[in-house]
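Reading through the structure tokens given below for one structure.
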Amino acid sequence: MAISKTLIGIVVFFILIAIYACVYSVREGQQALLLRLGAIVTDATGKPVMTGPGLHSKIPFITEARLFDTRLQTLDIKSSRIVTAEQKDVMVDYFVKWRINNLALYYTRTGGDINQASTLLEQQLNDSLRAEFGRRTISEVVSDDRATRRGRR
């Protein structure tokens with residue numbers, strides 16, 4: 001009798017593990033990208049398979065669901081010294097609001113690592129910001145007619 005209860009307990013335990021391996025949940029503000037043996041799963045039209053919020057199923061141990069936060073993210077970049085066109089140093093403090101728009105492209109370029117994405121975004125923005133400040137004088141940097149100058153270029 002004790003052996004049969006133990007056996008039933010072990011069977012129930014393995015059934016629960018199998019169910020847990022077959023089901024995944026995506027919260028609101030997230031999307032899941034499906035990977036089959038490490039490669040992005042595509043549908044019949046060639047588009048990557050992404051799932052929205054809810055409870056979903058997958059093939060255990062073969063298909064993996066990678067969850068990504070698709071809400072608006074903030075990247076706060078520390079102050080940096082930037083040189084203007086007249087070789088004057090200016091301390092610039094800025095932040096960036098961004099979100100994942102193309103999940104498959106984000107995954108292939110960053111491996112799904114948010115730190116890698118932040119580093120790449122910071123490098124690109126820093127280069128662009130330095131180039132823009134390098135074209136302007138101090139008076140152009142602090143003036144309030146930047147919007148009109150942008151429209152003329």
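The values are calculated or read from the model by the stated rules, or taken from the named source; none is laboratory data. Because the structure is a prediction, the values reported are computed rather than measured. Reconstructed Cβ throughout: ideal geometry from the backbone, glycine too, with neighbour counts over all protein chains shown.
Scan I77, I62, I3 and give me the residue that is closer than 30 Å to L129 by Cα and β-branched (V, I, T). Before you say what the answer is, go through the steps one by one.
Values: I62 fails: closer than 30 Å to L129 by Cα; I3 fails: closer than 30 Å to L129 by Cα.
Checking each option against the conditions leaves just I77.
When L75 is tested against the conditions (1) at pLDDT below 95; (2) under 25 Å from the mean Cα position of the chain (by Cα); (3) farther than 18 Å from Y106 by Cα, the lone failure is (3).
Output the number of residues of the stretch 28-46 satisfying the condition of being within 21 Å of G112 (Cα to Cα) and free of Cβ contacts under 8 Å to residues at least 40 places away in the same chain.
Taking the stretch 28-46 and keeping what is within 21 Å of G112 (Cα to Cα), we get 28-43, 46.
If we keep only those that are free of Cβ contacts under 8 Å to residues at least 40 places away in the same chain too, we end up with 28, 32, 34-39, 41-43, 46.
Count: 12.
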